[in-house]
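Q: Sharing a structure, written as structure tokens. Questions coming.
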Amino acid sequence: MVMAQTDSTDVKIATDRVTLGTIDANAPSNVNTLKKRARKLKIDREINKTKFVFKGETMLGLTVSYATLDTEDTDIGLILDNLQFSGSSFSVKPFFGYFYRDNNCLGLRLGYTHNFVDLGSAKLNLGEANDIDLSLNGIYYDSNLYSFGLLHRTYVALDRRGRFSFFAEWELSGSYGRSEFKYLSGDAWKGNISDTYKCKFSFNPGIAAYIFPNVCASVSFGMGGLQYTHIKQMDLNGNYTGKRDFSKLRFRLNLADINIGVCIHLWSKKKEGSK
């Protein structure tokens, strides 16, 4: 009887060892299974659930601005006498984009900006009590700026039909510009010529809406970023006079950097996606 009980106990212990060995052998695969299940349980905020732009679409856009200012447009005649002033600003920025994924675009933007100011004469008179009387004559400023930028834009639809959207845009750009500033001193012109080089990484959020099935209007707001600037200065004869290098990091709304544009989507998959 004792021998029979001993054999039964040994068999049970051996069976338990085999079972434990089987569990230990499968432990790594069980851990991998749990990790896969944990990945599937990640929170999906469904930001890209509604498609504003579909993968494979191509976008062409253009932003143009033009403004003029002369003596008749000024309202400061009470303190400025004998004012002869004219100025203009023109900017054109074409851009191209390709949607490599739904609501995500990689693009290229080119730009040209021209600014011109001509102050023929002006006399500042703040009255006898302030004892300030200043005369300006023959001030001239002219600049041309060329830019090139790579951008990435992500859209988030604001309605279920995908007609209105918020977008976040990041742009890495470089620019070159030459400006000429001169003034009349007696009978001779004096001043300087500046060559400006800029490299900028900026953030430009905005809103967009389809005004036609394949035409989209957008408004973006410059929020600043990281910028490096190098300025080389010369006199009016082209002789080198000095240089300046500076950089800045600033994120804030710039009211002078608000762009309104229109873009055309050359290939739309909205009908295919809605089927």
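The values are calculated or read from the model by the stated rules, or taken from the named source; none is laboratory data. For clarity, every value in this text was computed on a predicted model and none was experimentally measured. Note that each Cβ is placed from the backbone with ideal geometry, even for glycine, and that neighbours are counted across all protein chains shown.
Q: In the list Tyr197, Tyr240, which residue meets the criterion of being hydroxyl-bearing (Ser, Thr, Tyr) and within 23 Å of the chain's Cα centre (by Cα)?
A: Values: Tyr240 fails: within 23 Å of the chain's Cα centre (by Cα).
Going through Tyr197, Tyr240 in turn, just one is hydroxyl-bearing (Ser, Thr, Tyr) and within 23 Å of the chain's Cα centre (by Cα): Tyr197.
Q: Separate question: Take the conditions at pLDDT 95 or above, under 30 Å from Pro213 (Cα atoms) and in the same structural domain as Asp257 (by TED's automatic domain parsing) and apply them to Leu158. Does it pass? Before the answer, list the steps.
A: On the way: at pLDDT 95 or above: no; under 30 Å from Pro213 (Cα atoms): yes; in the same structural domain as Asp257 (by TED's automatic domain parsing): yes.
Criteria not met by Leu158.
Q: Checking Leu150 against (1) out of contact with any Ser or Thr (no Cβ under 7 Å at 6 or more places or on another chain); (2) assigned to a strand (DSSP E or B); (3) modelled with pLDDT under 95, only one condition comes out false. Which one?
A: It is condition (3) that Leu150 fails.
Q: Enumerate the pairs (first residue in segment 233-244 and free of Cβ contacts under 8 Å to residues at least 60 places away in the same chain and surrounded by 11 or more Cβ atoms within 10 Å (Cβ to Cβ); second residue anywhere and among the basic types (Lys, Arg) and not in a loop (DSSP other than H, G, I, E, B)) with beta-carbon separation below 6 Å, excluding pairs fewer than 6 apart on the same chain, so at least 6 apart or on different chains.
A: Lys243/Lys232
Q: Run down Gly174, Gly149 and say which single residue is within 21 Å of the chain's Cα centre (by Cα) and either outside the structural domain of Lys93 (by TED's automatic domain parsing) or crowded, with 18+ Cβ neighbours inside 10 Å (or both). Steps first, answer last, please.
A: On the way: Gly174 fails: either outside the structural domain of Lys93 (by TED's automatic domain parsing) or crowded, with 18+ Cβ neighbours inside 10 Å (or both).
None of the others qualify; the one that does is Gly149.
Q: Any residue at all in segment 90-105 that's modelled with pLDDT of 70 or more, on the phi > 0 side of the Ramachandran plot and among the polar types (S, T, N, Q)?
A: Filtering segment 90-105 down to residues modelled with pLDDT of 70 or more leaves 90-105.
Within this subset, residues satisfying the condition of being on the phi > 0 side of the Ramachandran plot are 103.
Then drop every residue that is not among the polar types (S, T, N, Q), which leaves 103.
Yes; the residues of segment 90-105 include at least one that is modelled with pLDDT of 70 or more, on the phi > 0 side of the Ramachandran plot and among the polar types (S, T, N, Q).
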